[in-house]
Amino acid sequence: MVDEEGKSSTSILHDGSYFATGSWYSSIVVKGDTAVMMQPNGTALDMKLKFGEFGEADPDIVETTGQKFYNISLSFFFGKEFTELGVVSEDGLRITTKNDIGLSVLDWMSEEEAAALEAKGDPIEAPPGPYKIQPDILGKFLWITGGAGVGKSTSAQLLSKMHGYVYYEGDCFASCRNPYIPPDVQNPSLAQFLQKPLIGEGLEERREVCKRANEMFGEMMAGGDYDKGKAEEYYEKMCEDIKRERKRIGGDWSIAGVTFRQDTRNFIRSKLGPDLVFVVLNMEMEDVRERVRTRHLGEEGMVDMLMSVNRLCEAATEDEDNAVNVMITNEMSKEDVISKILEKVNL
């Protein structure tokens with residue numbers, strides 16, 4: 001039952017769309033005590049809402065909202081059950097949560113406002129980025145890979161900042177966002193969630209491929225196996241985009257993205273050509289776990305899921321063409337890693 005203002009009689013929220021800022025999902029669509037979480041790639045996850053008192057709020061939320069206690073619980077399933085706690089404003093128009101990424105705000109919008117926001121985005125055929133367009137110059141072509149937490153995005157970003165490489169974030173392809181993360185943002189792995197969604201012809205086709213890949217990643221995070229068929233469908237679509245964008249922009253390129261194992265890298269190389277060099281970052285698993293824990297603010301559920309994916313990632317073999325291993329230790333600075341990468345690829 002809904003009152004004249006659109007609020008459910010059992011909810012402190014309004015029915016309709018709440019658009020997210022600072023979160024990995026783009027919006028939730030509320031109806032009573034249930035919601036659907038929407039991602040830019042079109043993936044939808046059912047969400048359960050509970051209202052009441054759920055303990056003292058995080059200090060950042062208290063400072064931002066002035067409310068001392070959580071009054072909403074948002075639960076969803078992605079490989080395992082996740083719950084975000086938050087506070088709802090007195091008018092029911094804003095939800096503030098603290099998740100493994102940080103502080104997130106969801107604001108209610110009218111149908112007209114929601115439609116206008118969904119129509120905004122960067123063009124899928126030519127996403128803007130901070131790079132010189134020089135299609136006649138095709139330089140070095142690196143794909144920085146490895147498990148979660150080893151520094152793929154950080155290394156690709158530093159190659160951009162220090163040496164002028166075009167940094168293409170593979171995770172942004174999966175979420176249908178602009179892949180060109182600025183070279184000066186503090187945390188490129190999390191900055192992807194602030195990138196604009198893509199719009200234009202071809203988006204729905206990409207979304208369908210990414211939805212299937214998202215299902216695969218969810219199964220892997222829950223401890224399932226690698227699905228070669230779904231993976232190759234996904235990487236083929238990504239390679240089409242990379243090949244077109246590299247031809248459009250030119251210059252030296254550094255791509256950040258997980259590739260799991262040699263047969264996947266061979267498949268990607270067959271699509272992108274022999275100029276591509278894979279840089280496989282490796283690290284002791286306990287050191288990686290600690291890095292992932294720090295990045296995701298101690299959320300052990302997320303740590304366990306990402307480490308389930310990491311167990312499927314393999315180093316380059318001695319007989320693998322155009323692939324080099326870089327072993328990372330805790331004593332190495334980010335700049336040390338870049339020096340080691342350039343030393344390896346310039347042999």
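Please work out whether segment 138-194 counts as rounded, prolate or oblate from its C-alpha gyration tensor, where a ≥ b ≥ c are the square roots of the eigenvalues and a/c under 1.5 means rounded, while otherwise a/b larger than b/c means prolate and anything else oblate? It is rounded, given that a/c, with a ≥ b ≥ c, falls under 1.5.
Expressed as a whole percent, the proportion of Cα-Cα pairs in segment 79-175 lying more than 22 Å apart is 58%. Whole-Hz Karplus values for segment 64-76 come out as 6, 10, x, 9, 8, 10, 5, 10, 8, 10, 10, 10, 8 Hz, taken residue by residue from phi with 6.51 cos²θ - 1.76 cosθ + 1.60 and θ = phi - 60°; glycine and proline positions read x.
Taking θ as phi - 60° and the Karplus parameters 6.51, -1.76 and 1.60, the scalar couplings of segment 230-238 work out to 5, 5, 5, 4, 5, 5, 5, 5, 5 Hz in sequence order, x denoting glycine and proline.
Treating each Cα of the chain as an identical point scatterer and summing with the Debye formula, the log10 of I(q)/I(0) at q = 0.13, 0.15 Å⁻¹ comes to -1.04, -1.32. The tail of the calculated P(r) for segment 209-288, taken as Cα-Cα distances beyond 19 Å, holds 45 percent of the pairs. What whole-number distance in Å separates the alpha-carbon centres of segment 45-111 and segment 148-198? Taking the Cα centre of segment 148-198 as reference, the centre of segment 45-111 is 27 Å away.
Less than 5 angstrom separates the built amide H of PHE69 from those of ALA57, all sequence-distant by 5 or more or on a different chain. Note on the chain: helix-only mean residue ellipticity at 222 nm, from DSSP H runs of 4+ residues weighted -39500 (n - 2.57) and normalised by residue number, equals -10500 deg cm²/dmol. Once backbone amide H atoms are built at 1.01 Å from N, LEU138 has GLY251 as its partners under 5 Å, excluding neighbours fewer than 5 places away on the same chain. Computed over segment 246-295, the Cα gyration tensor eigenvalues convert (square root of 5λ each) into semi-axes of 27, 15, 8 Å, ordered from largest to smallest. Label-to-label distance, VAL29 versus GLU284, with points set 7 angstrom from Cα along the beta-carbon direction: 4.9 nm.
Based on the alpha-carbon gyration tensor of segment 168-324 and its eigenvalue square roots a ≥ b ≥ c, which shape applies: rounded if a/c is under 1.5, prolate if not and a/b is larger than b/c, or oblate? Taking the square roots of the gyration eigenvalues as a ≥ b ≥ c, segment 168-324 is rounded. Between the amide H of SER27 and those of ALA20, MET38, distances stay under 5 Å, these residues lying 5 or more places away or on another chain, with hydrogens modeled in the peptide plane. Taking a ≥ b ≥ c as the square roots of the eigenvalues of the alpha-carbon gyration tensor, segment 1-146 is classed prolate because a/c is 1.5 or more and a/b outweighs b/c.
Rounded to whole numbers, the Karplus 3J(HN,Hα) couplings from phi for segment 100-115 are 6, 8, x, 6, 10, 10, 10, 10, 5, 9, 5, 4, 5, 5, 5, 5 Hz, using 6.51 cos²θ - 1.76 cosθ + 1.60 with θ = phi - 60°, and x at Gly and Pro.
What a 1.4 Å probe finds exposed on segment 25-149 is 54% carbon and sulfur by accessible area, rounded to a whole percent.
The residues of the chain expose, per residue, 47 Å² of accessible area to a 1.4 Å probe. Protection proxy ranking of 104-111, 312-319, by the mean of other Cβ atoms within 10 Å over each peptide's residues and highest first, is 104-111, 312-319.
Take every DSSP beta bridge whose two residues both sit in the chain; close to 65 percent of them are antiparallel.
If you plug the beta carbon distance of ARG248 and HIS163 into 1/(1 + (r/R0)^6) with R0 = 25 Å, you get a FRET efficiency near 0.75.
Just checking the listed ones, ILE328, ILE199, ILE133: in the Gaussian network model of the chain with Cα springs under 10 Å, the one fluctuating most is ILE133.
The values are calculated or read from the model by the stated rules, or taken from the named source; none is laboratory data. Quick caveat, the model's predicted, so the values are computed rather than measured. Virtual Cβ from ideal backbone geometry, glycine too; neighbours counted across all protein chains shown. Heavy atoms of the whole protein, side chains included, go into the accessibility calculation; ligands, DNA and RNA do not. Shrake-Rupley method; radii C 1.70, N 1.55, O 1.52, S 1.80 Å.
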